[in-house]
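The values are calculated or read from the model by the stated rules, or taken from the named source; none is laboratory data. Model, not experiment: these values are computed from the prediction. Cβ atoms come from the backbone with ideal geometry, glycine included; neighbour counts cover every protein chain shown.
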Amino acid sequence: MVTMNLRVVALALLALPAGLQAQTLGDAPSAGDPTMAPSAEPEAAPGPTMSATGVVDAEARVSASATAAPPRTGFAIGIAPRVGVTVPTSKLGVFVVGGLEIDLFLPVLRGRLVVALDATLTRPSHDGTGNDARVGGDYDFTVEETEFKLGLDVIYRLAGRERKLVPFVGAGPIVHLLKSVQTNSLGPESNTEQSTAYGVEVLGGADYRLGPGALVGDLRLVYSGLDHLLTGDTNAANLTASVGYRMIF
């Protein structure tokens with residue numbers, strides 16, 4: 001009896017997996033059952049987007065920051081030839097002037113302080129008449145004044161060298177090498193007199209960056225004495241306006 005009971009239990013255990021498999025197959029949804037269609041996958045949450053304008057603006061900012069010139073504050077050398085017009089404050093006439101400025105940019109005040117050696121050459125003149133009974137009365141004469149000026153200026157630039165427009169102001173002492181030559185209608189001989197005078201100049205102007213250098217324009221007021229027998233006790237002061245081109249190395 002016991003043996004038969006054990007056989008019944010064994011057969012029941014063997015039949016259990018087959019029943020479970022049949023139940024699972026019976027519960028599977030049919031292909032045509034609309035109620036058992038697979039659910040749609042949830043849509044992904046929208047992420048952060050950037051418009052085309054935003055992309056362009058961002059690229060422009062990156063490009064501008066990458067190409068912006070850093071301030072230049074170290075030692076540098078500048079050379080600026082120039083030409084202009086000088087207007088003497090004495091009876092000497094208006095004349096052309098040529099000059100050359102050599103600059104030393106100092107690494108102080110953010111590179112804006114400059115010590116400049118400036119040289120200019122001009123030759124204004126004056127025509128007049130005289131009277132001397134010893135030579136027969138009236139005569140005409142011309143006095144030509146050769147002026148070589150050497151100045152040592154301290155210049156402050158109101159902006160850094162990386163800027164497009166850089167105004168500047170300055171002042172300094174000068175040495176004036178003066179030579180007076182007088183010719184007259186009495187004969188071919190000329191009278192000559194030379195001297196050295198000391199004075200001062202003040203200046204102002206601006207650099208405008210153009211090409212590898214800068215277009216420069218300045219206005220200078222120069223003063224020194226002039227006391228020759230041929231000119232009388234006067235001065236060699238003048239107002240000079242000039243333009244040139246500055247290269248900085």
### Residue satisfying all of: in the stretch 128-145; surrounded by 14 or more Cβ atoms within 10 Å (Cβ to Cβ) and in contact with a Gly (Cβ under 9 Å, 6 or more places away or on another chain); modelled with the lowest pLDDT among these
139
### Summary
In the set 87, 108, the lone residue that is modelled with pLDDT of 70 or more and surrounded by fewer than 10 Cβ atoms within 10 Å (Cβ to Cβ) is 108
### Task
Would you confirm whether any residue within the stretch 134-148 is closer than 25 Å to residue 82 by Cβ, assigned to a strand (DSSP E or B) and in contact (Cβ under 8 Å) with a residue 60 or more places away in the chain?
yes
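The rows are residues; the columns are (1) within 25 Å of residue 220 (Cα to Cα); (2) loosely packed, with under 14 Cβ neighbours inside 10 Å.
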residue	(1), (2)
126	yes, no
152	yes, yes
156	yes, yes
171	yes, no
179	yes, no
189	no, yes
206	yes, no
### Query
Within the stretch 215-227, how many residues are buried (at least 20 other Cβ atoms within 10 Å of the Cβ) and either farther than 17 Å from residue 158 by Cα or in contact with a Phe, Trp or Tyr (Cβ under 6 Å, 6 or more places away or on another chain) (or both)?
4
#### Entry: Inter-residue pairs, beta-carbon under 7 Å, first modelled with pLDDT of 95 or more and in the stretch 202-217, second among the acidic types (Asp, Glu), 6+ apart
203/153; 203/218; 204/218; 205/218; 214/207; 216/207
### Message
Any residue at all in the stretch 158-169 that's surrounded by 18 or more Cβ atoms within 10 Å (Cβ to Cβ), closer than 10 Å to residue 224 by Cβ and modelled with pLDDT of 95 or more?
### Response
no
#### Entry: Counted residues, the stretch 193-216 - those being touching a Ser or Thr at 6+ places or on another chain (Cβ under 7 Å) and of a type outside the set (Asp, Glu)
3
### Unmet criterion (only one of (1) in contact with an Asp or Glu (Cβ under 9 Å, 6 or more places away or on another chain); (2) aliphatic (A, V, I, L, M); (3) closer than 21 Å to residue 150 by Cβ) for residue 229
(3)
